[in-house]
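Taking it in order: structure first as structure tokens, then the write-up.
The values are calculated or read from the model by the stated rules, or taken from the named source; none is laboratory data. Only a predicted model underlies this, so the values are computations on that prediction, with no experimental measurement involved. Cβ sites come from the backbone with ideal geometry, for glycine too, and all protein chains shown count toward neighbours. Surface accessibility is based on the protein's heavy atoms, side chains included, excluding ligands, DNA and RNA. Shrake-Rupley method; radii C 1.70, N 1.55, O 1.52, S 1.80 Å.
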Amino acid sequence: MVQRFEGRVAVITGGSSGIGLATARRLASEGAKVVIGDISAETGKAAADEVGGLFVQADVTDADQVEALFQTTVDTFGSVDVAFNNAGISPPEDDSILTTGIDAWEKVQKVNLTSVYLCCKAVLPHMQRQGKGSIINTASFVAVMGAATSQISYTASKGGVLAMSRELGVQFARENIRVNALCPGPVNTPLLKELFAKDPERAARRLVHVPVGRFAEPEEIAAAVAFLASDDASFITASQFLVDGGISGAYVTPL
Ligand SMILES: NC(=O)c1ccc[n+]([C@@H]2O[C@H](COP(=O)([O-])OP(=O)(O)OC[C@H]3O[C@@H](n4cnc5c(N)ncnc54)[C@H](O)[C@@H]3O)[C@@H](O)[C@H]2O)c1
């Protein structure tokens with residue numbers, strides 16, 4: 001494995017599961033010191049131990065805890081070169097606008113969008129001081145496409161992440177800090193598997209839109225994060241980086 005992150009430090013929020021965990025493994029395998037920031041102590045500690053990194057318990061909706069996550073990282077390892085702001089939720093009570101209450105709306109906005117604001121706000125001064133850094137914020141393909149199977153607050157939150165990342169990418173471009181929005185298509189995570197095992201029709205209705213004919217594996221998303229985080233992506237900033245098996249480009253898909 002190439003060692004693109006030798007001597008570099010990466011913070012991954014939501015790093016104890018799914019896309020975040022796959023990315024922790026990938027960045028560590030390429031030489032990064034990995035800091036897992038997650039609300040879940042048990043899985044977070046296990047993930048950090050597995051990749052020889054550090055676990056910092058943090059609720060990404062809490063400004064003080066987010067500050068402490070990045071400060072602890074810098075105090076422990078001396079820098080923060082990569083911030084993968086990835087923690088997010090998609091609870092079942094977030095559904096059609098007609099049935100989604102204000103509590104569900106606000107909870108999703110806080111965990112998915114306010115968290116990215118807090119993480120970027122906390123990490124940028126460290127990166128400015130260092131004179132370099134790469135921030136990757138997890139949005140989604142639903143930030144660029146509409147779904148009749150709505151999760152209204154989730155979609156709106158990811159649209160916000162996309163717009164915020166673009167603006168930060170532009171604002172900090174001349175300070176050698178890159179900011180990109182990662183837009184994954186549907187990924188084969190335990191949650192998605194469980195949902196579709198219970199309801200195969202629901203899976204089929206979605207799969208028909210995917211030109212490659214399957215959902216992504218978390219490792220395929222992690223590979224894209226590693227690329228965006230590395231110097232290989234040195235001219236890529238303020239982008240909406242779609243890793244979606246062609247969904248957003250498709251009109252008619254293959255049989
Ligand atoms: N799975 C998909 O199909 C898919 C597609 C597009 C985008 N995404 C996005 O990718 C990101 C990761 O998704 P995943 O499928 O790997 O999810 P996951 O549920 O497997 O992992 C999410 C992680 O975030 C942590 N987390 C939740 N709330 C938190 C909080 N308040 N503070 C700190 N940590 C918290 C959880 O403990 C968990 O470790 C999310 O932002 C999600 O919206 C997922």
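Which of the following residues is open to solvent by 50 Å² or more (accessible area, probe 1.4 Å) and in contact with a strand residue (DSSP E or B) (Cβ under 7 Å, 6 or more places away or on another chain): Val144, Val170, Val212?
Val144
Could you go through segment 185-201 and let me know if any residue there is under 17 Å from Asp81 (Cα atoms) and surrounded by fewer than 19 Cβ atoms within 10 Å (Cβ to Cβ). No, every residue in segment 185-201 fails to be under 17 Å from Asp81 (Cα atoms) and surrounded by fewer than 19 Cβ atoms within 10 Å (Cβ to Cβ).
Would you confirm whether any residue within segment 136-146 is in a helix (DSSP H, G or I), modelled with pLDDT of 95 or more, out of contact with any Lys or Arg (no Cβ under 6 Å at 6 or more places or on another chain) and within 14 Å of the ligand (Cβ to nearest atom)? Among the residues of segment 136-146, at least one is in a helix (DSSP H, G or I), modelled with pLDDT of 95 or more, out of contact with any Lys or Arg (no Cβ under 6 Å at 6 or more places or on another chain) and within 14 Å of the ligand (Cβ to nearest atom), which makes the answer yes.
For segment 53-80, residues that are part of a loop (DSSP other than H, G, I, E, B) and either within 13 Å of the ligand (Cβ to nearest atom) or open to solvent by 50 Å² or more (accessible area, probe 1.4 Å) (or both) total 6.
Only one of the listed residues (Gly37, Gly44, Gly18) is on the phi > 0 side of the Ramachandran plot and modelled with pLDDT of 95 or more. That residue is Gly18. Taking segment 215-238, which residues are open to solvent by 30 Å² or more (accessible area, probe 1.4 Å), among the small types (Gly, Ala, Ser) and within 15 Å of the chain's Cα centre (by Cα)? The answer is Ala223, and nothing else. Entry remark, segment 90-110: residues being touching a Ser or Thr at 6+ places or on another chain (Cβ under 6 Å) and closer than 24 Å to Arg166 by Cα number 4 in total. Residue pairs whose Cβ atoms lie under 9 Å apart, sitting 6 or more positions apart in sequence or on different chains, and linking a residue in segment 69-93 that is within 16 Å of Gly20 (Cα to Cα) to a partner that is within 9 Å of the ligand (Cβ to nearest atom) and at pLDDT below 95, are Ser90/Leu191.
Scan segment 83-133 for residues that are in contact with a helix residue (DSSP H, G or I) (Cβ under 7 Å, 6 or more places away or on another chain) and either under 21 Å from Asp59 (Cα atoms) or open to solvent by 40 Å² or more (accessible area, probe 1.4 Å) (or both) and the total you get is 27. If you check Ser90, Ser96 for being of a type in the set (Gly, Ala, Ser), away from the ligand (no atom under 16 Å from the Cβ), out of contact with any Cys (no Cβ under 7 Å at 6 or more places or on another chain) and in a loop (DSSP other than H, G, I, E, B), only one passes: Ser96.
Of all residue pairs spaced 6 or more apart or on separate chains, none has beta-carbon atoms under 6 Å together with a first member in segment 6-30 that is within 12 Å of the ligand (Cβ to nearest atom) and a second member that is modelled with pLDDT under 95 and not in a loop (DSSP other than H, G, I, E, B).
For segment 65-81, the criterion of a residue being in contact with a Lys or Arg (Cβ under 7 Å, 6 or more places away or on another chain), modelled with pLDDT of 95 or more and within 20 Å of Leu118 (Cβ to Cβ) is satisfied by at least one position.
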